[in-house]
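Working notes, beginning with the structure itself.
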Amino acid sequence: MPKSVIQAAARKALIAADPGYYSWPDAQQEQFRATMDKQVQNRVDAVLLKALLGIDCTPDNANAIWRDLPLSKLNLLNWAKLLTCGIGDCYLFLNEPMAKNTSLLDFTTLYDYDYNDHLFQEQANKAQLPDYQPRDYYAFRFARWARLIIDGDFHYATLYSLAGYLTDAIDDQGSDRIQSLIPHEYVDGKNHGKAEQGGFLWDIEVQANGLEAQLDELKHRWHHYQQQRWLELSQAHCQQAPVMYFQPVDHYGDPHLNIIFNNETALEKVRWRHFLADCKALQGNRAGLDELAAQELAKAEQWLQQTHQDIMANFDPKVVRLRKKRKIVMAPGALDDLLKGDEDE
């Protein structure tokens, strides 16, 4: 579909949101886009559904219709929606929950947002876990998901710290490597699917040809290795000169970028409202990123091989690690989005 049609749909939606929108100064328009409430968002969605897909609906049912659309229809809608809710030079929108009465405009830089979130997470953990040990702050402990316009085209993006990107890479490799070291499969348990508390039980068991305990121990150690490696990498990079990497990725055919920042100083230098320009000023050579990833993958491979050998030689499967037994109850329809994704693929 031509960009002009998408842009026209967004303009029509913003006028439906407030007829005076295009008479306001730029700053007021941006504030409106960043802070519109759910009722206004529903009016926007109804207009976009009609203009781009020919779907007649009202603000009352627009959200439900949008939610039930196949994934193949969403890129077009998300592009137009970004023009109605994004901020800054590239209409950036962060796909993360915000506190009430808070928007991305309340944080000048990526660091301001991320450090504020760190403090919130620390406070919540202390309140819920009496023996919680405080963590030092490092950039982007958790990846962030965003949408933005680059050179006039719509993109999805994952915002990473360098430590987070590297540990995600070894996590992907580790799953395959563990499967090759101890072949296993997941099967339905005896209670899977049973009705309970208005939903159904999620009961999945692992079968590993008698090596279930060894597999559990390997996965347990692997989890701790990744946590420790994230901390070590964060500490190693925090004193380096700030740098950022753009990495295009193939994500089911969607336009997608990994945007990777090596430390918190890099986050301090990137403003949300001037995101792309500030990122490009820090852009590093992706060959250096690829070299770091190759080194981490080699270290992880060696660690898994040695740890597997140790477990097979010395681990006593009769010694069971204490853990809390959990019951998982899924709400009706909780898996619908996953199933819908499978159908689209």
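Computed over the chain, relative contact order equals 19 percent, with contacts defined as Cα pairs under 8 Å that lie 6+ residues apart.
Contact order, relative form, for the range 1-130: 26 percent (alpha carbon pairs under 8 Å, 6 or more residues apart, mean separation divided by residue count).
In percent, how large is the relative contact order of the range 207-269, given Cα pairs closer than 8 Å and 6 or more residues apart?
26 percent
When each of the peptides 127-135, 282-290 is scored by the mean number of other C-beta atoms lying within 10 Å of its residues, the order from highest to lowest reads 282-290, 127-135.
About the Cα centre of the chain, what is the dipole size in debye to 20, counting +1 per Lys and Arg Cβ and -1 per Asp and Glu Cβ, all else neutral?
Values: 36 positive and 49 negative charges, 147 e Å.
With Lys and Arg at +1 and Asp and Glu at -1, about 700 debye.
Provide the net charge surrounding Ser4, with neighbours chosen by a C-beta distance below 15 Å and charges set as Lys +1, Arg +1, Asp -1, Glu -1. So the environment of Ser4 carries a net charge of +2. For the peptides 160-166, 44-50, 294-300, 87-93, the ranking by mean Cβ contacts within 10 Å, running from highest to lowest, is 160-166, 44-50, 87-93, 294-300.
Ala281 sits among other residues whose Cβ lies under 14 Å from its own Cβ, and their net charge, with Lys and Arg +1 and Asp and Glu -1, is 0.
Only protein atoms count toward the accessible area here, which uses a 1.4 Å probe; on the chain, the carbon and sulfur part of that area reaches 50 percent. Note on Gln302 and Leu119: the model spin-label points, each 7 Å out from Cα along the C-beta direction, lie 4.2 nm apart. With both residues required to sit in the chain, DSSP beta bridges show an antiparallel share near 80%. Name the most mobile residue of Pro317, Pro183, Pro97, meaning the one with the largest mean-square fluctuation, in a Gaussian network model of the chain with Cα contacts below 10 Å. So, out of Pro317, Pro183, Pro97, the one fluctuating most is Pro97. Straightening the chain between Asp131 and Asp290 buys 53.3 nm, computed as 0.36 nm per residue apart minus the Cα-Cα spacing. Let a ≥ b ≥ c be the square roots of the eigenvalues of the Cα gyration tensor of the range 1-58; is it rounded (a/c under 1.5), or, if not, prolate (a/b larger than b/c) or oblate? It is oblate, given that a/c is not under 1.5 and a/b is not larger than b/c.
The values are calculated or read from the model by the stated rules, or taken from the named source; none is laboratory data. Because the structure is predicted, anything quoted here is derived from the model rather than measured. Cβ: placed from backbone, ideal geometry, glycine included. Neighbour counts: every protein chain shown. Keep in mind that these areas ignore ligands, DNA and RNA; they rest on the heavy atoms of the full protein, side chains included. Shrake-Rupley method; radii C 1.70, N 1.55, O 1.52, S 1.80 Å.
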